[in-house]
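Read-outs: derived from the displayed coordinates by stated rules, not from any lab. Every value quoted in this text rests on a predicted model; they were computed, and no experiment measured them. Counting neighbours? That spans all protein chains shown, and the Cβs are built from the backbone with ideal geometry, glycine included.
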Amino acid sequence: MIKVICVGKIKDSNLKSLIDDYYKRIIKYTSIQIIELKDENENYDEMKKESKEIENYLDSKSYNIALDRLGKNIDSINFSKLIDKTFISYPNINFIIGGSLGIDKSILDKCNIVLSFSSLTFPHQLFRLMLLEQIYRSFKILNNERYHK
């Protein structure tokens, strides 16, 4: 199972529609759950509240991947290989998307890996769509299906 642990809710109906579309595409390959947490990121002290909420979903049986602009960059092929290899040893993969101030160091330290899709900063709502698209692309690559060019 894949869990996408997100800080913040999707407010834009058009963006929500696109996210829902990729969600439906992914469930043809694996179980997926999107967990939305309240965005407490108005200051760094409140980030601790978010960290506690995120921690509730992390466990030693899951492979935890934080998504942060300062993480390791990989391409789509290697992202798909990471998903494939991870499912051999772990039943669950947790992807963590932080709020407007990012992800607290206490959470980053609990992750198996920290990945970056770019050194640019993206709104967390838009990034959720980008992550789901890459997860979908990964399953298409792993199944040798046409999509990835």
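Could you state the orientation-averaged shadow area of the convex hull built on the Cα atoms of the range 2-77, in nm² to one decimal?
Hull-based average projected area comes out at 6.8 nm².
Under 5 Å between amide H atoms, partner at least 5 residues away or on a different chain: which partners does Asn92 have, H built in plane at 1.01 Å?
Here Tyr63 satisfy the definition.
Which FRET efficiency, nearest 0.05, do Ile35 and Asn14 yield, Cβ-Cβ r, R0 25 Å? List each step's numbers first, then the result.
Values: r = 22 Å, r/R0 = 0.88.
So, using R0 = 25 Å, E works out to roughly 0.70.
Using Cα-Cα distances under 8 Å and only pairs 6 or more residues apart, what relative contact order does the chain have, in percent?
Computed over the chain, the figure is 34 percent.
Counting Lys and Arg as +1 and Asp and Glu as -1, each charge on the Cβ, what is the dipole of the chain about the Cα centre in debye, to the nearest 20? Provide the component values of the computation, followed by the final result.
Working: 23 positive and 20 negative charges, 137 e Å.
I would put it at about 660 debye.
On a 32 Å Cα-Cα criterion, which of the cross-link pairs Lys28/Lys72; Lys24/Lys85; Lys48/Lys140; Lys28/Lys48; Lys28/Lys105 come out too long? Write out the running numbers ahead of the final one.
Details: Lys28/Lys72 28 Å; Lys24/Lys85 23 Å; Lys48/Lys140 37 Å; Lys28/Lys48 36 Å; Lys28/Lys105 34 Å.
From Lys28/Lys72; Lys24/Lys85; Lys48/Lys140; Lys28/Lys48; Lys28/Lys105, over 32 Å: Lys48/Lys140; Lys28/Lys48; Lys28/Lys105.
Could you calculate the contour length gain from Asn73 to Lys28, that is, 0.36 nm times the residue separation minus the distance between their Cα atoms, to one decimal place in nm? Each step should come with its number before you reach the end.
Details: separation 45, 0.36 × 45 = 16.20 nm, distance 2.71 nm.
Net length gain for the segment: 13.5 nm.
Using alpha carbons only, how many angstrom separate the centre of the range 76-92 from the centre of the range 101-148?
The range 76-92 and the range 101-148 have Cα centres separated by 13 Å.
Calculate, in whole percent, how much of the Cα-Cα pair population of the range 36-81 lies beyond 18 Å. All intermediate terms of the calculation are to be shown ahead of the outcome.
On the way: 506 of 1035 pairs.
Beyond 18 Å sits 49 percent of the P(r) for the range 36-81.
Per residue Cα convex hull volume for the chain, in cubic angstrom?
That works out to 107 Å³ per residue.
Taking the Cα centre of the range 24-116 as the origin and placing charges on Cβ (Lys, Arg +1; Asp, Glu -1), which of Ser89, Ile74, Ser60 is farthest toward the positive end of the dipole?
Working it through, the farthest residue towards the positive pole turns out to be Ser89.
For Lys61 and Glu145, what does the FRET efficiency come to when R0 = 22 Å and r is the distance between their Cβ atoms, rounded to the nearest 0.05?
For Lys61 and Glu145, the calculated efficiency is 0.15.
Fully extended, how many nm does the chain gain between Ile88 and Leu120 (0.36 nm per residue separation, minus their Cα-Cα distance)?
Stretched out fully, the Ile88 to Leu120 stretch lengthens by 8.4 nm.
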